[in-house]
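Novice: After the structure tokens below, expect a handful of questions from me.
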Amino acid sequence: MEESRIAAPIGSALDRFIKSKQDQFAYASGELSQLLRDIALASKVVNREVNKAGLIDIMGAMGSTNTAGDAQQKLDVLANIRFSRALMKGGEACALISEESESYVDLNNSGKYVIAIDPLDGSSNIDVNVSIGTIFSIYRRKSKEGTPIQDQDILQRGSEQVAAGYILYGSSTMLVYTTGHGVNGFTYEPTLGEYFLSHPDMKMPEDGKIYSVNEGSYNSFSQPVKEYIAYCKEKNYTGRYIGSLVADFHRNLLKGGIYIYPATAKDPNGKLRLMYECNALAFVAEQAGGKASDGKNRILDIQPTSLHQRTPFYVGSKKMVEKAESFG
Ligand code: P6P
């Protein structure tokens, strides 16, 4: 039996796990290994910064510099720098799409991959010690290596992702990713500086009783969204909304549930970004047996027309998303 068909034992290190699954990745496993190693490396640095942010904030309150004497950078800018540098040095990515950069960043190397990333989603929650996350998508470039990056490399449908995932900086830090053959979760062991398989073959419960939506915007929701919320209340579902997409998504992945960020008066196309938030989580959700749409259309089928375009986002347990969609 091919090694990739054998379930990797809990506790497998990330690198070894990737190598054991190499025939599941359409391209050279070494390239994926390097890409995930680059992302994991940056996440370890961000994790360290996030975990001491509170302390530095306290110190920073005493002056405009942190204990190291550096001007304190906003963590999401710092995270963007860390991920950009790691990917540039790793050499496998030729371009980077980031929430923190207006245009894509040409990494000026012969890499075969394009990365879309939200370096630190929910960073405003750091001050109140709420979990935050990094969200990433990995695409294969379409144009010939060594030629200038083209729109066809950048504006790809979510269905073109070759890998995607997130890092959750929470009570423990986790890396969850898919290459299109299921979803696996790794927990970071800081004393060893390594991610270890803790959640093999993750499956999102087909149904659930948790709904995540910011009801503060209720008055500007469409009638169908209001009707679905009323349905959840009639069914005595639990409302859980952390205000941190990765944290809400991860809980719903484990326990079953739905996260909805619909169109609102303030954000008529929804608040969340297709390229570096929704596509990655939609890929993970589908690979775990869940569903993701904009309320009507499959997220992964949406053809992007601009880097930072927004979309309404319904993601979670398949039956819950289908029920929400059924209200029109
Ligand atoms: P609101 C954080 O800014 C974020 O992008 C997601 O992580 C989170 O789910 C959402 O926005 C919160 O937005 O409008 O409910 O505060």
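Only the coordinates and a few stated rules stand behind these numbers; no lab work does. It should be emphasised that the depicted structure is a prediction, and the values quoted were computed from it without experimental measurement. Positions of Cβ are generated from backbone atoms using ideal geometry, with glycine treated the same way; all protein chains shown enter the neighbour counts.
Novice: Can you tell me how the range 150-277 classifies by the Cα gyration tensor, rounded, prolate or oblate, using a/c under 1.5 as the rounded cut? Provide the component values of the computation, followed by the final result.
Specialist: Numbers: a/c = 2.08, a/b = 1.37, b/c = 1.52.
Oblate.
Novice: A further question follows. Work through the residues other than D76 whose Cβ is under 10 Å from its Cβ and net out their charges, Lys, Arg +1 and Asp, Glu -1. Working shown, then result.
Specialist: Numbers: positive: K74; negative: E99, E100, D118, D121.
With Lys, Arg at +1 and Asp, Glu at -1, the neighbours total -3.
Novice: Could I ask something else about it? Could you name the lysines whose alpha carbon sits less than 16 Å from that of K144, not counting residues in the same chain fewer than 8 places away?
Specialist: Straight-distance partners of K144: K112.
Novice: In a GNM of the chain with a 10 Å cut-off on Cα contacts, which of N236, N47, N80 has the highest mean-square fluctuation?
Specialist: Maximum fluctuation in the GNM of the chain, among the listed residues, is at N236.
Novice: Which of A42, A79, A28 moves the most in a Gaussian network model of the chain with Cα springs under 10 Å?
Specialist: In the Gaussian network model the winner is A28.
Novice: In addition: Can you give the calculated 222 nm mean residue ellipticity of the chain, where each DSSP H run of n ≥ 4 adds -39,500 (n - 2.57) and the sum is split over every residue, rounded to the nearest 500 deg cm²/dmol? Mind showing how you got there, number by number?
Specialist: Values: 8 runs with 100 residues, N = 328.
Mean residue ellipticity at 222 nm (helix-derived): -9500 deg cm²/dmol.
Novice: On a 28 Å Cα-Cα criterion, which of the cross-link pairs K226/K319; K21/K271; K44/K142; K226/K266; K19/K203; K233/K255 come out too long? If you can, show how the numbers build up before the last one.
Specialist: Values: K226/K319 18 Å; K21/K271 36 Å; K44/K142 30 Å; K226/K266 17 Å; K19/K203 22 Å; K233/K255 18 Å.
Going by Cα-Cα distance, K21/K271; K44/K142 fall outside the 28 Å limit.
Novice: So which DSSP H runs in the chain come out at 18 Å plus along the axis (Cα) with average Kyte-Doolittle of at least -1.0? Let's see the in-between values first.
Specialist: Numbers: long enough: 29-60 (44 Å, 0.23); 75-90 (22 Å, 0.46).
Helices meeting the criterion: 29-60, 75-90.
Novice: Excluding same-chain residues fewer than 8 positions from K89, which aspartates and glutamates have a Cα within less than 17 Å of its Cα?
Specialist: E31, D38, D106
Novice: Relative contact order of the chain: what whole-number percent is it, with Cα pairs under 8 angstrom and at least 6 residues apart?
Specialist: On the way: 703 pairs, mean separation 51.5, N = 328.
After rounding, I find 16 percent.
Novice: Further, regarding this structure: Would you mind classifying the range 210-326 by shape? Square roots of the alpha carbon gyration tensor eigenvalues, ordered a ≥ b ≥ c; an a/c under 1.5 is rounded, otherwise it is prolate if a/b is larger than b/c and oblate if not.
Specialist: Numbers: a/c = 1.58, a/b = 1.17, b/c = 1.35.
Taking the square roots of the gyration eigenvalues as a ≥ b ≥ c, the range 210-326 is oblate.
Novice: Could you work out how far the C-alpha centroid of the range 139-160 sits from that of the range 262-300, in angstrom?
Specialist: Centre-to-centre (Cα) distance: 21 Å.
Novice: Turning to a different aspect of this structure: Could you work out which residue, out of S198, S306, S293, moves most in a Gaussian network model of the chain, that is, has the largest mean-square fluctuation with Cα springs under 10 Å?
Specialist: Ranking S198, S306, S293 by mean-square fluctuation puts S306 first.
Novice: So if we plug the beta-carbon distance of A230 and S172 into 1/(1 + (r/R0)^6) with R0 = 51 Å, what FRET efficiency do we get, rounded to 0.05? List each step's numbers first, then the result.
Specialist: Details: r = 36 Å, r/R0 = 0.71.
About 0.90, to the nearest 0.05.
Novice: Between Y218 and S326, what is the spin-label point distance in nm, taking each point 7 Å from the Cα along the Cα→C-beta axis?
Specialist: 2.3 nm
Novice: Could you grab the Rg to Rh ratio for the chain? Cα atoms only, Kirkwood for Rh.
Specialist: On the way: Rg = 19.4 Å, Rh = 20.2 Å.
Taking Rh as the inverse mean 1/r over Cα pairs, Rg/Rh reads 0.96.
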